[in-house]
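The values are calculated or read from the model by the stated rules, or taken from the named source; none is laboratory data. Remember, predicted model here, so these are calculated numbers, not experimental data. Here Cβ is always computed from backbone atoms with ideal geometry, including for glycine, and neighbour counts include all displayed protein chains. With ligands, DNA and RNA removed, areas are computed over all heavy atoms of the protein, side chains included. Shrake-Rupley method; radii C 1.70, N 1.55, O 1.52, S 1.80 Å.
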Amino acid sequence: MNVAMKNITRIIMSVLVLGTLCSCEDPLGKTPDGQVTLDKILSNHSRTQGLLEAAYGEIYTARDQICFVMQPVEVLTDNAFWIQMYNAQKWHSGSLSLSNPCITWDWANPSDQLWSDFWRGIRLANNAIKYIPQSTAINEQEMKTWVAEARVLRCWYYMNLLEFYGPMPWIDEPLSPNFDGWNSLARPSYDEIATKISKEIMEVVDSKILPNKQPLSNAQHVSNAVALAIRARVLLNNASLLNNPEHDEDKWQRAADAARDVLNLSEYNLVPMSEYKRLFIGSFQSDVSEIIWRSWQDNSHINNSNGVDCSPYKYATIPACWNCGESPTQELVDCFEMTNGVLPVTYDDATHTKVTINPDAASLGYSEAPGGDPYANRDARFYVDILYNGANYGKPYNCTEDYIIETYVGGANGFNDIISQETTRSCTGYYSRKDKQVTFWGPNTSAHSEPTHWVFFRLAEFYLNRAEALCELGDYDGACAMLNMTRERAGQPKIEDVPGFAKTYEFLMPRIRNERRVEFCLEGWRFHDQRRWKILDQTNRLVTGMRITKEDGVFNYQRKVVCEYSSYTDKYLVMPIPLEDAKKMTSLQQPEAWR
């Protein structure tokens, strides 16, 4: 992680990371402080290209490096629980304030990294856009391509700012050191900045400079598909309740159309369920038809920071992992349907510890009674994403016997009742599996698994984006058709064939949201979904787990409140501008809940 600059004014005003506009130079082409001058950059091919590469450099490429070191942003939601330490604990305890952004890197300056890193990315993209055309060392095609990429990257960073901090002023060039208009920078409406991003993206796409899909050798770089994906996500956010309380149908139509534009790209297809795991593991340069853009950094360490401890393995000596990290909650597990399409339970009280079992789930064997099995006949994605009591994790590297998960009290991966210290044992009774591999572990060693790469965009998102938008527009047939794409891929029945189906908003929208929660669980996107839907007051009050005991060979199941949360107020919907920068930019108002 690069060291952040002091504040946004310095971030935006810095002209170049490697250069200066000073015309004085020594014989080596460097200023007295050792920096390379601008003319030396623009007369050198690799240094000019470095302007673009610097713009790529602020992208977060590790899924567990956003909230805090080793803490995925998913633990700020009701999908996963992190032991009561570090930033997740501060977040859920209600500590978010103007002086405590909670999502911080406490040893950096400033500690609120997201704000400064997103703005730095914009500044570096603006540098590339302005100065690359002045280079004498590149050809015209390189110039057009690199500028087009930088324009898409600028939209990427603005999308991130939108998602965390709300709409921000559009700045499209490096500001001069003498710029004194900070107090004149006003917060635009969400629609204004979303429209600007949409226009910017379509100018790049319509220019046909970038390919729809980059060759594998250049897979790190953005394409037209990435550009259209950014636009589709921004326009969906723009249409959502948080930013569209009046339910302007034009915004929903724009969102539906933008998702369709991504889906119309012939270069991408959903992978079959037999290859679903390939979305999350494998070489960065492997061709996976569903992936539009993903991180180029190997994130395999997540097996050690947010995985299951395989050291109790009976047949070989395996090192212990550092932390179980993101432990899936019972609330997430309850979202995985039975194979007939029904949800297994409904909650009878606010604690989620008393439930009514759906009779259509019971008919397939769902039972939380002593000796019962609540994990049989579930959606196929459940077995890819979640490790539960009795799950077969597979064979560790260079081993011949399978590792069987034991989450019951006293089991090898037994339930942990202490939530206030780092642990390798889950406090919910579940472990994350989605981007994890048992082959990361082996006798006396580790890291024999395939690489793990965080997916930024994949095609499934845009089927569900379009399903949501069409449902909001009252096109229930169209919404069902889009929703069924991911359902049928997973082997689930069409939504029309689910017991109790009704072609109404009241039935379809909760199922679209549930499908989105299941399909993208543990990928980091629920953090934004909860907020754009304004459902924090429904979801972030508590999380539960399944405490299992074993007596005379019989498993007993008890739903248990793991932790109560205070991260449900409107102040958690849009993060506040860091206090020091808010003082400098008085016209850039804080989000409504913070005024």
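Test Tyr393 against the stated conditions and say whether it is open to solvent by 10 Å² or more (accessible area, probe 1.4 Å), in a strand (DSSP E or B) and either touching a Lys or Arg at 6+ places or on another chain (Cβ under 6 Å) or closer than 21 Å to Leu332 by Cβ (or both). So Tyr393 fits the description; yes.
Would you pick out the residues in region 270-297 that are at pLDDT 95 or above, open to solvent by 40 Å² or more (accessible area, probe 1.4 Å) and closer than 16 Å to Lys436 by Cα? Answer for region 270-297, where residues must be at pLDDT 95 or above, open to solvent by 40 Å² or more (accessible area, probe 1.4 Å) and closer than 16 Å to Lys436 by Cα: Glu275, Lys277, Arg278, Gln297.
Quick check on region 64-86. Is at least one of its residues touching a Cys at 6+ places or on another chain (Cβ under 8 Å), open to solvent by 30 Å² or more (accessible area, probe 1.4 Å), under 22 Å from Lys534 (Cα atoms) and not acidic (Asp, Glu)? Taking every residue of region 64-86 in turn, none turns out to be touching a Cys at 6+ places or on another chain (Cβ under 8 Å), open to solvent by 30 Å² or more (accessible area, probe 1.4 Å), under 22 Å from Lys534 (Cα atoms) and not acidic (Asp, Glu).
Looking only at residues of region 400-426 that are in contact with a helix residue (DSSP H, G or I) (Cβ under 9 Å, 6 or more places away or on another chain) and at pLDDT 95 or above, we find that the one that is surrounded by the fewest Cβ atoms within 10 Å (Cβ to Cβ) is Asp402. Somewhere in region 366-375, is a residue more than 24 Å from Ala412 (Cβ to Cβ) and of a type in the set (D, E, K, R)? No - not one qualifying residue is present in region 366-375. Of note, Ser327 does not satisfy the criterion of being on the phi < 0 side of the Ramachandran plot, out of contact with any Pro (no Cβ under 9 Å at 6 or more places or on another chain) and surrounded by fewer than 17 Cβ atoms within 10 Å (Cβ to Cβ). Test Arg458 against the criterion of being under 21 Å from Leu235 (Cβ atoms) and touching a strand residue (DSSP E or B) at 6+ places or on another chain (Cβ under 7 Å), and give yes or no. Judged against the criteria, Arg458 is a match. Those residues that are touching a helix residue (DSSP H, G or I) at 6+ places or on another chain (Cβ under 8 Å) and surrounded by 15 or more Cβ atoms within 10 Å (Cβ to Cβ), I need them from region 171-187; list them, please. Within region 171-187, Ile171, Pro174, Leu175, Trp182 qualify. Listed here are the helices (runs of 4 or more DSSP H) enclosed by region 450-543 that have at least 3 residues being more than 17 Å from the chain's Cα centre (by Cα) and surrounded by 20 or more Cβ atoms within 10 Å (Cβ to Cβ): 460-472, 476-489, 505-519.
Under 8 Å between Cβ atoms, which residue pairs at least 6 apart in sequence (or on different chains) link something in region 383-410 that is among the basic types (Lys, Arg) with a partner that is open to solvent by 50 Å² or more (accessible area, probe 1.4 Å) and in a loop (DSSP other than H, G, I, E, B)? Listed pairs, sorted by first residue: Lys395/Glu401; Lys395/Asp402.
Identify all residues within region 320-364 that are among the acidic types (Asp, Glu) and part of a loop (DSSP other than H, G, I, E, B); write none if there are none. Lay out the reasoning, then the answer.
At the first step, the residues of region 320-364 found to be among the acidic types (Asp, Glu) are 326, 331, 334, 337, 348-349, 360.
Glu326, Asp334, Glu337, Asp348, Asp349 - these are the residues of region 320-364 that are among the acidic types (Asp, Glu) and part of a loop (DSSP other than H, G, I, E, B).
Between a first residue in region 271-283 that is farther than 17 Å from Leu216 by Cα and of a type in the set (A, V, I, L, M) and a second residue that is open to solvent by less than 40 Å² (accessible area, probe 1.4 Å) and in a helix (DSSP H, G or I), which pairs have beta carbons less than 9 Å apart while being 6 or more apart in sequence or on different chains? Listed by first residue and then by second, the contacts come to Val271/Leu279; Val271/Arg489; Met273/Ala380; Met273/Arg381; Met273/Val384; Met273/Arg489.
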